[in-house]
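This report refers to the structure that appears directly beneath it.
Any read-out appearing in this document is the output of simple, stated calculations on the displayed coordinates, not a laboratory observation. These numbers come from a predicted model, not from an experiment. Here the Cβ positions follow ideal geometry from the backbone for every residue, glycine too, while neighbour counts run over all protein chains shown.
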Ligand SMILES: C[S@@+](CC[C@H](N)C(=O)[O-])C[C@H]1O[C@@H](n2cnc3c(N)ncnc32)[C@H](O)[C@@H]1O
């Protein structure tokens, strides 16, 4: 075709081709691009599946194999023993303490105005230490942990009698509903077989509009190793946010300790949540009721 038609730099211009040829060329281009797209998707799905298999092999599945009571005993043993004793030093070495400190010092999670603060799963007092430093001087700080030994360590490490320390389980918090306007919960949720159980209880004790700083282990390769060391489980970021949403805890922001954290997902899921304001609280009242562990296992 087109011998008679003018050429631009020796190339036959596109619009000189007959309509049928142009249509066929477009169709084949679209088909090729769709095929490439589906190939890319298939490859990424295969990669994700491979990663999931590796993570599942590395992850410890104790939490799913035994009853919650048996698992809780194991958690108490882990944190009450040598591993728990090492935790405070380990946090220093891993940079976890310094990075958490920066998050609160720079007010990326702002404690200003919070009067009733609850820290759940305080461990050796890592987050508690930041709360003592950056919360308003008249704020009342309460700390809860399932392990009495860990709370004793927190007390001696922080050398402060300001926080009230209570030995209790996240799934059965000994507080009235809507008692706190700020909650922090660092790396505890992964010690529950069912995140809903813990999140619902946290939502129950939060006042409407109260904010929560939540850290938990992610289903990444690093998370799988954390699970092995601390006998915990991991969570999917999107699923946790969706679950929080169902319980009336809205995502305010995703937080990152550092650029490295964002790149490698090494510090797990770090999010700020806000409890629904009163307008919606009735609608969520049923789901915010504490879910007892026995019924969740
Ligand atoms: C990894 S430490 C977290 C310490 C600190 N919050 C931080 O961010 O570094 C986890 C703590 O959660 C506590 N814990 C585990 N399961 C719990 C539960 N069901 N209720 C309350 N505390 C729990 C453990 O005893 C341990 O001290």
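If you line up the long axis of helix 96-105 against the longest principal axis of the chain, both from Cα atoms, how many degrees apart are they, to the nearest 10?
On a 0 to 90 degree scale, this one is about 90.
Could you state the angle between the C-alpha long axis of helix 221-230 and the longest principal axis of the C-alpha atoms of the chain, as a value from 0 to 90 degrees rounded to the nearest 10?
Its long axis makes an angle of about 20 degrees.
Angle between the Cα long axis of helix 278-288 and the longest principal axis of the chain, 0 to 90 degrees, nearest 10?
Computed tilt is about 80 degrees.
Please give the length that would be gained between residue 167 and residue 58 if that part of the chain were fully extended, namely 0.36 nm times their separation in residues minus their C-alpha to C-alpha distance (nm, one decimal). Don't jump to the answer; show the numbers that get you there.
Details: separation 109, 0.36 × 109 = 39.24 nm, distance 3.11 nm.
Gain in length upon complete extension: 36.1 nm.
Given the convex hull over the Cα atoms of the stretch 53-182, what projected area results after averaging over all orientations, in nm²?
Numbers: hull surface 38.3 nm².
With the hull built on Cα positions only, its mean projection is 9.6 nm².
Among 19, 75, 205, which one moves the most in a GNM of the chain with springs linking Cα atoms closer than 10 Å?
Comparing 19, 75, 205 in a Gaussian network model of the chain, the most mobile one is 19.
Mind listing P(r) for the chain? All alpha-carbon pairs, 10 Å bins, whole percents.
Final binned percentages: 6, 24, 30, 16, 6, 6, 6, 5, 1, 0.
Based only on other Cβ atoms within 10 Å, what is the fewest-to-most ordering of 150, 260? Don't skip to the end; give the middle numbers.
Details: 150 25, 260 13.
If I rank by nearby Cβ atoms, fewest first, I get 260, 150.
Do the sum for the chain: with -39,500 (n - 2.57) for every DSSP H run of n ≥ 4, divided by all residues, what is the mean residue ellipticity at 222 nm, to the nearest 500 deg cm²/dmol? The partial results should precede the final answer.
On the way: 13 runs with 152 residues, N = 297.
Taking each H run of at least 4 residues, the total per residue is -16000 deg cm²/dmol.
Give me the compactness ratio for the stretch 122-200, meaning the Cα radius of gyration over 2.2 N^0.38 Å.
Values: Rg = 12.5 Å, N = 79, 2.2 N^0.38 = 11.6 Å.
Rg over 2.2 N^0.38 Å, computed on Cα atoms: 1.08.
Roughly what % of DSSP beta bridges within the chain run antiparallel, to the nearest 5? Intermediate results must be reported in sequence, preceding the final value.
Numbers: 12 of 32 bridges.
Here the antiparallel bridges make up roughly 40 percent for the chain.
Multiply the residue separation of residue 44 and residue 264 by 0.36 nm, subtract the distance between their alpha-carbon atoms, and state the gained length in nm to one decimal.
Numbers: separation 220, 0.36 × 220 = 79.20 nm, distance 1.76 nm.
Contour length minus Cα-Cα distance gives 77.4 nm.
Run the numbers on the stretch 129-193 and let me know its relative contact order in percent, using alpha-carbon pairs under 8 Å that are six or more apart.
Details: 41 pairs, mean separation 20.0, N = 65.
Contact order relative to length: 31 percent.
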